[in-house]
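Following: one structure in structure tokens, then a few remarks.
The values are calculated or read from the model by the stated rules, or taken from the named source; none is laboratory data. Just so we're clear, the structure is a prediction, and the values are computed from it rather than from any experiment. Cβ coordinates were reconstructed from backbone atoms using ideal geometry, including for glycine residues, and neighbour counts include every protein chain displayed. Side chains included, ligands, DNA and RNA excluded: accessible areas come from the protein's heavy atoms. Shrake-Rupley method; radii C 1.70, N 1.55, O 1.52, S 1.80 Å.
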Amino acid sequence: MPKAVTRVLSHLPVALLASIAERFPEIDFVQVPSEGPIPASLRGEVLLAFTWGSPNLVELVEHGVEWIHTVGTGIDGFPMDAVGERLFTCARGASAIPMSEWTLAAMLNFEKQLPQRWARRPPEQWNFAKLGGLHGRTVGLLGLGAVAEAIATRAIAFGMHVRAIRRTEKPSSIPEVEIAPNLDDLLASADHLVIALAATPETRHIIGRSALAKVKPGVHLVNVARGALVDQDALREALDAGRVARASLDVADPEPLPAGHWLYQHPQVFLTPHVSWSMPGSLDWILATFEDNLQRYLAGEPLTGVVDRGAGY
């Protein structure tokens, strides 16, 4: 049945929600502080929160909040104990396009030896190089959610073989994607190994010493998920041994990564500071998931991006 909502509490600046507020003039959008006490008179049925929650979240949700929506996908840092039995959703899939483009860029950079091949002086040889290519290569996807499916679609367009593993036995919605029978089989076949899994206790360090011992020698490792999925000490050993040829990482553990960390200096690590989600309009897409769900919530319809507390995403 339809829901009555009079106020949306938000950790985001209200100015960012102007277009949504214009569509729902009957709802009061109020920015709330992420720290400090909450005024007793401040109440709202809906909370639009950051994926890491807030220090005062436990107090805040007791001010009438029935539904929490986060403006990101990974909720591994969200204080789930504060959620209780409230409806909890995230912006699942909103960043699939930019993250898949970042991944393809990383794979192309590896195969085309960029930026090493930029000529700043006359090279030893002109008109000759032993470059790789994506066509005919195998990309192994750890996970097959919205981001991985977007990667798969683009990889197929480049003529790549796409293999994946996923938590459930659900078949791929993309016919060209082959579901690998197990992780070991995927590791042994992938030229590019892409991590696109949610971070949960079960997936922590899924790429560790055991997994890295089974990868195809010379593999290119790409991580656009969470840094905790990779044992970084084991990765360093695999890079130094040449078993992993390159690691293209948009995430690390911890974040922010402290100054002097070896990931900044290693010649075979290409690191960006968790920005693969960014492209023109990316914030609008993230907020669109909330706008769509708000319309559904008011109409009493099922919401999208509902977090499975058991699975952790």
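Things to note:
- Residues within the range 176-199 that are open to solvent by 20 Å² or more (accessible area, probe 1.4 Å), closer than 11 Å to L142 by Cβ and outside any loop (DSSP other than H, G, I, E, B), tallied: 1
- Scope the range 200-227; condition surrounded by fewer than 22 Cβ atoms within 10 Å (Cβ to Cβ) and within 20 Å of the chain's Cα centre (by Cα); matching residues: T200, P201, E202, T203, R204, H205, I206, G208, G227
- If the condition is being more than 16 Å from L294 (Cα to Cα), outside any strand (DSSP E or B) and of a type outside the set (A, V, I, L, M), then the range 12-41 contributes P13, P33, S34, E35, G36, P37, P39, S41.
- Per-region count, the range 63-84, residues open to solvent by less than 30 Å² (accessible area, probe 1.4 Å), of a type outside the set (A, V, I, L, M) and part of a loop (DSSP other than H, G, I, E, B): 5
- Count of residues meeting criterion [touching a Lys or Arg at 6+ places or on another chain (Cβ under 9 Å), open to solvent by less than 40 Å² (accessible area, probe 1.4 Å) and polar (S, T, N, Q)] in the range 263-313: 1
- Among residues of the range 128-142 that are open to solvent by less than 40 Å² (accessible area, probe 1.4 Å), those with a Cβ under 7 angstrom from a residue that is polar (S, T, N, Q), sequence gap 6+ or separate chain, pair up as T138/S189; G140/S189.
- Checking R154, R121 one by one, the residue that is open to solvent by 90 Å² or more (accessible area, probe 1.4 Å) and either over 16 Å from A190 (Cβ atoms) or touching a Ser or Thr at 6+ places or on another chain (Cβ under 7 Å) (or both) is R121 and no other.
- Selection status of H220, touching a residue at least 60 places away in the same chain (Cβ under 8 Å) and touching a helix residue (DSSP H, G or I) at 6+ places or on another chain (Cβ under 9 Å): yes
- In summary, Q116 fulfils each of the numbered conditions (1) farther than 30 Å from V58 by Cα; (2) of a type outside the set (D, E, K, R); (3) modelled with pLDDT of 95 or more with the single exception of condition (3).
- Single condition D253 does not satisfy, out of (1) in contact with a helix residue (DSSP H, G or I) (Cβ under 9 Å, 6 or more places away or on another chain); (2) more than 14 Å from H266 (Cβ to Cβ); (3) open to solvent by less than 10 Å² (accessible area, probe 1.4 Å): (3)
Results for (1) touching a residue at least 24 places away in the same chain (Cβ under 8 Å); (2) under 25 Å from V306 (Cβ atoms); (3) open to solvent by 30 Å² or more (accessible area, probe 1.4 Å); (4) not β-branched (V, I, T), shown as yes or no for each residue.
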site: H11; (1), (2), (3), (4): yes, yes, no, yes
site: I20; (1), (2), (3), (4): yes, yes, no, no
site: V32; (1), (2), (3), (4): yes, yes, no, no
site: R43; (1), (2), (3), (4): yes, yes, yes, yes
site: L47; (1), (2), (3), (4): yes, yes, no, yes
site: F50; (1), (2), (3), (4): yes, yes, yes, yes
site: V61; (1), (2), (3), (4): yes, yes, no, no
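- Check on V162, more than 21 Å from G227 (Cα to Cα), touching a Lys or Arg at 6+ places or on another chain (Cβ under 8 Å) and crowded, with 19+ Cβ neighbours inside 10 Å: no
- Residue within the range 93-103 that is at pLDDT below 95, open to solvent by 40 Å² or more (accessible area, probe 1.4 Å) and farther than 30 Å from V58 by Cα present: no
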